[in-house]
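Enquirer: Submitted below is the structure of interest, expressed as structure tokens.
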Amino acid sequence: MPELPEVETVRRGLTPALLGRKILRVEQNRPNLRFPFPDDFSARLSAARVEQLDRRAKYLLLRLSSGETLLSHLGMSGRFTIETTRGAGPLPEDMVHAAPANPKHDHVVFNLEDGVIIRYNDPRRFGFMELYPTDAESQVSYLTGLGPEPNSNGFSGVTLGEALRDKRSPIKSALLDQRVVAGLGNIYVCEALHRSGISPRRESRTIPGKRAERLAVAVRDVINEAIEAGGSSLKDFASTDGGLGYFQHRFRAYGRENESCLTPRCDGRVQRIVQSGRSTFYCATCQR
Ligand SMILES: [Zn+2]
């Protein structure tokens, strides 16, 4: 399931193909994904130029010359692939793929000028797309109330400490709360807690300022490292599945049940517990 770093990798991968290009025609192959497509979806996109590609939490935001923004969420299995038929200019060759994995799950096909074709493929259809006027973004329900981006200046030990101060919930749940910090999912929360030596069970309000500082640094670092790994793995896509944004990081806690803890000088083992219905991986020896 794509988390923030994967979505950021997709954004960076799509940028050279989309930025500045006009959308000529959009094929919409079904009425809905997780939600129905917006009314007149294809007509509203046609003839619009892509002026900017942004990301907020796990949402891709395509700023269009029509004054609208196309918001896209990848859900569990959504991915974009890029094809070029002729003269597309400076696309990285590694990201140009002859054919997607299974065309029957190509739900939206964007035909752009210069022969660039972008396919949205999503076997499980938990993804969705929305269109809204860019100047009304402050009223878009998906985006309102989101906390700061973990790798932005708005996120720090101070802001995190304030957000945790009155919370009785376990820190694992607090970090998954999108109002505290935007875009963190299960995997990177486990990794950040492991790295900062904080138990996922710890009551949020008992984390003092110094440890909140350390935790904020760990959150930022795991996200930035994953984004960097994604950037370098873009080169491998052609030889793997041809999609953008799916790469396996090596995690230090996540998915390592019963394996030795990788914290220096710790002789503990990683264990798996279930919190709010989701797996948490942590080491009870060095995470307190
Ligand atoms: Zn440990």
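Enquirer: Tally time: how many residues in the range 187-213 are buried (at least 19 other Cβ atoms within 10 Å of the Cβ) and assigned to a helix (DSSP H, G or I)?
Expert: Final tally of qualifying residues: 13.
Enquirer: Quick one: count up the residues across the range 261-288 that are within 11 Å of the ligand (Cβ to nearest atom) and open to solvent by 60 Å² or more (accessible area, probe 1.4 Å).
Expert: 8
Enquirer: Take residue 222 and tell me if it is modelled with pLDDT of 95 or more and away from the ligand (no atom under 14 Å from the Cβ). Steps first, please.
Expert: On the way: modelled with pLDDT of 95 or more: no; away from the ligand (no atom under 14 Å from the Cβ): yes.
The answer is no for residue 222.
Enquirer: Among the residues of the range 72-84, count how many are out of contact with any Leu (no Cβ under 6 Å at 6 or more places or on another chain) and modelled with pLDDT of 95 or more.
Expert: 1
Enquirer: Ok, one more. Scan the range 180-207 for residues that are modelled with pLDDT of 95 or more, more than 16 Å from the ligand (Cβ to nearest atom) and not small (Gly, Ala, Ser) and jot them down.
Expert: 180, 181, 189, 203, 205, 206, 207
Enquirer: Could you please tell me which pairs satisfy a Cβ distance under 9 Å, a separation of 6+ or placement on different chains, a first residue in the range 147-160 that is closer than 11 Å to residue 182 by Cα, and a second residue that is among the polar types (S, T, N, Q) and open to solvent by 20 Å² or more (accessible area, probe 1.4 Å)?
Expert: Close Cβ pairs (under 9 Å, with a partner that is among the polar types (S, T, N, Q) and open to solvent by 20 Å² or more (accessible area, probe 1.4 Å)) amount to 147/159; 147/178; 148/156; 148/159; 150/224; 151/224.
Enquirer: Now for a separate question. For the list (1) in a loop (DSSP other than H, G, I, E, B); (2) under 30 Å from residue 75 (Cα atoms); (3) modelled with pLDDT of 95 or more, I need the number of the one condition that residue 243 fails.
Expert: Here residue 243 clears every test but (3).
Enquirer: Follow-up. Among the listed residues 99, 57, which satisfies the condition of being modelled with pLDDT of 95 or more and out of contact with any Ser or Thr (no Cβ under 8 Å at 6 or more places or on another chain)? Please lay out each step first, then the result.
Expert: Values: 99 fails: modelled with pLDDT of 95 or more.
The unique qualifying residue is 57.
Enquirer: Evaluate the following for residue 137: is it among the charged types (D, E, K, R), within 30 Å of residue 106 (Cα to Cα) and open to solvent by 10 Å² or more (accessible area, probe 1.4 Å)? Break it down stepwise before answering.
Expert: Details: among the charged types (D, E, K, R): yes; within 30 Å of residue 106 (Cα to Cα): yes; open to solvent by 10 Å² or more (accessible area, probe 1.4 Å): yes.
So residue 137 passes the test.
Enquirer: Just a yes or no: is a residue in the range 119-130 at pLDDT below 95, of a type in the set (Asp, Glu) and under 23 Å from residue 71 (Cα atoms)?
Expert: Yes, the range 119-130 contains at least one residue that is at pLDDT below 95, of a type in the set (Asp, Glu) and under 23 Å from residue 71 (Cα atoms).
Enquirer: Conditions first: (1) at pLDDT 95 or above; (2) in a loop (DSSP other than H, G, I, E, B); (3) open to solvent by 50 Å² or more (accessible area, probe 1.4 Å). Residue 158 passes all but one, so which condition is the exception?
Expert: Of the numbered conditions (1) at pLDDT 95 or above; (2) in a loop (DSSP other than H, G, I, E, B); (3) open to solvent by 50 Å² or more (accessible area, probe 1.4 Å), the odd one out for residue 158 is (2).
The values are calculated or read from the model by the stated rules, or taken from the named source; none is laboratory data. These numbers come from a predicted model, not from an experiment. With ideal geometry, Cβ positions are generated from the backbone for all residues, glycine too; neighbour counts draw on all protein chains shown. Note: accessible area is taken over every heavy atom of the protein model, side chains too, but ligands, DNA and RNA are not part of it. Shrake-Rupley method; radii C 1.70, N 1.55, O 1.52, S 1.80 Å.
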